Amino acid sequence: MVQSNNRAYSPLLYPFGRMAGWKAMMLGLVSQLLAVVLAWRLGARYDGVLDFHLSADAGFGRILTDQLINVGALWLVFGIFLVIQAKNRFRWIDLFGMIAFSRWPLLLMPLTLMGGFFKRLTDYFVQTGKPASELPATADIFWLLLFSIVIILCTIWALSLLYQAYRILLHKEGVWPVVLFVAAVLSAEVLSKFLIYSTL
């Protein structure tokens, strides 16, 4: 079990005080599979570590591949950073489990697509020459803004969990871990984008 740096345990905000390894990995993989199923059913995909977009044409296999690439890119990049910077040795299974579980808030994102608000507004904005009578409904715009905020908050939540996992395994405090974390996330985003669009 990894050390929790004496932080109070919270299943939603600080789960790694009591969980890592196989337990985190199994729960994380289940949450990622649920996210893939919801995205597939509601017409979206996670086409990057930090990305979530409408994609009605993407099949289940494509969405699953995207998600595996995202988790794998994070695992590889953060593993390399930890090998170079961590004070103590870490278990790769702990890292994988914590990364997988840290992304569970992302499974809430596809739920924002229920009701078709995003689809209707996307169809409107990508088409030109719409008459005034066909302007998007005010309610649709309201729900679009609300659910956009939800998506942003889910991303922040997932990044917060990922940072907690990284800091536990890094065993360092201060500004430097934050800088390394941002660099690792951006590197994983670039790698995931490259791999996803290389496999289309």
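Read-outs: derived from the displayed coordinates by stated rules, not from any lab. As the structure is a computational prediction, the values presented were derived from the model and not from experiment. Ideal geometry is used to build each Cβ from the backbone, glycine not excepted, and the neighbour counts take in all protein chains shown.
Using the Karplus curve 6.51 cos²θ - 1.76 cosθ + 1.60 with θ = phi - 60°, what ³J(HN,Hα) values do you get for each residue of segment 98-114, in whole Hz, with x for Gly and Pro?
Those phi angles translate into 5, 5, 4, 6, 5, 8, 4, x, 5, 6, 6, 4, x, 5, 5, 8, 5 Hz.
Go ahead and run the numbers for FRET between Leu108 and Lys87, Cβ-Cβ distance against an R0 of 30 Å, rounding to 0.05.
The calculated FRET efficiency here is 0.30.
Taking H as built 1.01 Å from N, whose amide H comes closer than 5 Å to the amide H of His53, not counting residues under 5 places away?
The answer is Arg45, Asp47.
Quick check: Cα centre of segment 12-65 to Cα centre of segment 84-107, how many Å?
Between the Cα centre of segment 12-65 and that of segment 84-107, the gap is 15 Å.
Per residue of segment 72-81, in order, report the coupling 6.51 cos²θ - 1.76 cosθ + 1.60 (Karplus, θ = phi - 60°) as ³J(HN,Hα) in whole Hz, putting x for Gly and Pro.
With coefficients 6.51, -1.76 and 1.60, one gets x, 5, 5, 4, 5, 5, 5, x, 5, 4 Hz.
Which ³J(HN,Hα) values in Hz, rounded to whole numbers, follow from the phi angles of segment 48-55 under the Karplus curve 6.51 cos²θ - 1.76 cosθ + 1.60, where θ = phi - 60° and Gly and Pro get x?
Once rounded to whole Hz, the list reads x, 4, 10, 10, 8, 9, 5, 6.
Measure off 7 Å from each Cα along the Cα-to-Cβ vector at Leu186 and Ser148, then give the distance between these two points in nanometres to one decimal.
Spacing of the two 7 Å Cα→Cβ label points: 2.4 nm.
Pop a pseudo-label 7 angstrom from the Cα along the beta-carbon direction at both Ile156 and Leu68 and give the gap in nm to one decimal.
For the pair Ile156/Leu68, the computed spacing is 3.4 nm.
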